[in-house]
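Note sheet for the following structure.
The values are calculated or read from the model by the stated rules, or taken from the named source; none is laboratory data. Note that this is a predicted model, so its numbers are computed, not measured. Note that each Cβ is placed from the backbone with ideal geometry, even for glycine, and that neighbours are counted across all protein chains shown.
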Amino acid sequence: MRLIIIGTGGMAKNQVDQFTTIDGVEIVGAVDTDATRLAAFADKYNIGKRFLSLDEAISWGEFDAATNVTPDRAHHPTTLPLLAAGKHVLCEKPLAENYDKALEMTEAAERAGVINMVNLTYRNVAPLQRAREMVIAGEIGTVKHVEASYLQSWLVSKAWGDWRSESTWLWRLSTGHGSNGVLGDVGIHILDFAAYGAATDIDHVFARLKTFNKAPGGQIGEYTLDANDSFSMSVDFANGALGVVHASRWATGHLNELKLRIYGERGGLEVSHRPGESELRGCLGEDVESATWKTIEVPPVPTNYQRFAEAVVSGIPQDPNFRHAANLQKVLDLAMVTERERRELKV
Ligand SMILES: NC(=O)c1ccc[n+]([C@@H]2O[C@H](COP(=O)([O-])OP(=O)(O)OC[C@H]3O[C@@H](n4cnc5c(N)ncnc54)[C@H](O)[C@@H]3O)[C@@H](O)[C@H]2O)c1
C-alpha cells in the first residue's frame, strides 16, 4: 500500500511509528500547510515527496491511500477531495465537527466504494475486544448498567507540553478553531469504548458540559478558550441498559486513562487502559457471591493501522467505518443540544 500522510503534527508521529512496522506499507508522501513542520517531519521519517497543499498531492496521484491527521475542522475539506480522487482514507477522529459534515463524508465514501475507516484508537485495546466478545457470548447475562470515563490532565500538567503556548493544544480549547472541546476530542473515543464494549448502541442522551476560565478574559492570542473542558452524560442503550459517561482534561494525576465497567445480570467486567498498560478484570460465576474480581488474560489484537492496510490490500472493508463515526457524531451533536435545552434527547 502506497500511503500519504496529511498533517504532520503530534498524532502523525504516532501513526508513522505504527505504519512503518507493517509489511507492505510504504509512506510515499507527506502534506502539511506548515512548511517548517512538514520539512522536519519528512526529514525525520525519510519521506520523499512533500506537498504544501493536498491539491498538489492529488495532482501527483501516485498513492493508493491517505491517512488524514489534520486538526478536526480540516477533516471534511481534505477528505472529500481524496474520496473524489478514488483514494482509500483512514481519517482521524472525530470524523467532522458535526453530524451533517460527517454524513456527507460517509455518503461520499460509500459512493466512491473505497475503504473508509476512522481512527478510534482504543479499538486497539485487546481487553476491550475481549470484553465485547464475552458480552456477546452472554457470559455476564443481559447488560443493565455501564460506567465509562476518559480522564486526561493536560490542563493541569505539562507532561505533554504547555497548552498556554502551543498551537497543538490551543486549537483544542477554541470553538472558533473547530474544536468541540473535550466532548468532540475524546467524547467520541469514550462513547465508542462504552457502546462497543457493551455491544449495544446509544439510544438517548443527556449531557452537561462545562468550560472553566483558564486565562485572563478567556483569551490567549487568536484563541478564545470557549470549548468545553469537562462533560458528564447519562445515556440509555438500545438493549435497555443505563449508562453514565464522563470525561475531563482537568483530571489531575491521570495522563490518559479510560475505564469501562459493564454490569450484567450474571457478572461484571472492567476494562482499564492507560499509557502502556491495559487490563480486563471480571467478576463471574461463583465469584459474584463474594464480589471477587479476577484478571482475565487477553491475547493481542491487530491495530486499526494493520486492519486499514489489510482492508486496502484485500478490498474487504473493516470497522470502524465512516458511518459508525457519523452515528457517534450525532450523539455528540445532540449532547450539546441537551446542554443548552437541559432535556434528554432521542438519538
Ligand atoms: N486517535 C487518537 O487517539 C488521536 C490522538 C491525538 C490526536 N488525534 C486527532 O488527530 C488529529 C490531529 O491532531 P494533532 O494532535 O496531531 O494536531 P496538531 O495540531 O499537532 O497537527 C495537525 C497538523 O495538521 C496541519 N494542517 C492543518 N490544516 C491542514 C491542511 N488543510 N492540510 C494539511 N495539513 C494541515 C497542521 O499544520 C499541523 O501540522 C486531530 O483530529 C485529533 O483529534 C487522534
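Answer with yes or no whether THR33 is within 13 Å of the ligand (Cβ to nearest atom), surrounded by fewer than 20 Cβ atoms within 10 Å (Cβ to Cβ) and closer than 17 Å to ILE4 by Cβ.
So THR33 fits the description; yes.
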Practice problem: Give region 59-116 a look and list any residue that's more than 10 Å from the ligand (Cβ to nearest atom), closer than 22 Å to ALA335 by Cα and touching a Phe, Trp or Tyr at 6+ places or on another chain (Cβ under 8 Å), or say none. | Solution: ALA102, MET105, THR106
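Mind checking whether some residue in region 160-171 is of a type in the set (A, V, I, L, M), in contact (Cβ under 8 Å) with a residue 60 or more places away in the chain and either outside any strand (DSSP E or B) or over 18 Å from ALA335 (Cβ atoms) (or both)? Show your work before the answer.
Residues of region 160-171 of a type in the set (A, V, I, L, M): 170.
Still in the list and also in contact (Cβ under 8 Å) with a residue 60 or more places away in the chain: none.
No, region 160-171 contains no residue that is of a type in the set (A, V, I, L, M), in contact (Cβ under 8 Å) with a residue 60 or more places away in the chain and either outside any strand (DSSP E or B) or over 18 Å from ALA335 (Cβ atoms) (or both).
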Quiz item: Does LYS49 satisfy the criteria of being modelled with pLDDT of 95 or more and more than 10 Å from the ligand (Cβ to nearest atom)?
Solution: yes
Exercise. Within region 213-236, identify whether any single residue is in a strand (DSSP E or B) and among the charged types (D, E, K, R), and answer yes or no.
Key: yes
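Given the criteria acidic (Asp, Glu) and away from the ligand (no atom under 16 Å from the Cβ), does ASP185 qualify?
Numbers: acidic (Asp, Glu): yes; away from the ligand (no atom under 16 Å from the Cβ): no.
Against the criterion (acidic (Asp, Glu) and away from the ligand (no atom under 16 Å from the Cβ)), ASP185 does not qualify.
Give GLY276, GLY285, GLY315 a once-over and let me know the one that is on the phi > 0 side of the Ramachandran plot and at pLDDT below 95. Steps first, answer last, please.
Working: GLY285 fails: at pLDDT below 95; GLY315 fails: at pLDDT below 95.
Testing whether each residue is on the phi > 0 side of the Ramachandran plot and at pLDDT below 95 leaves just GLY276.
Quick grid of which residues meet (1) at pLDDT below 95; (2) of a type in the set (S, T, N, Q); (3) in contact with a strand residue (DSSP E or B) (Cβ under 6 Å, 6 or more places away or on another chain); (4) in the same structural domain as GLY141 (by TED's automatic domain parsing):
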residue	(1), (2), (3), (4)
GLY181	no, no, no, yes
ILE202	no, no, yes, yes
LEU209	no, no, yes, yes
ASN213	no, yes, no, yes
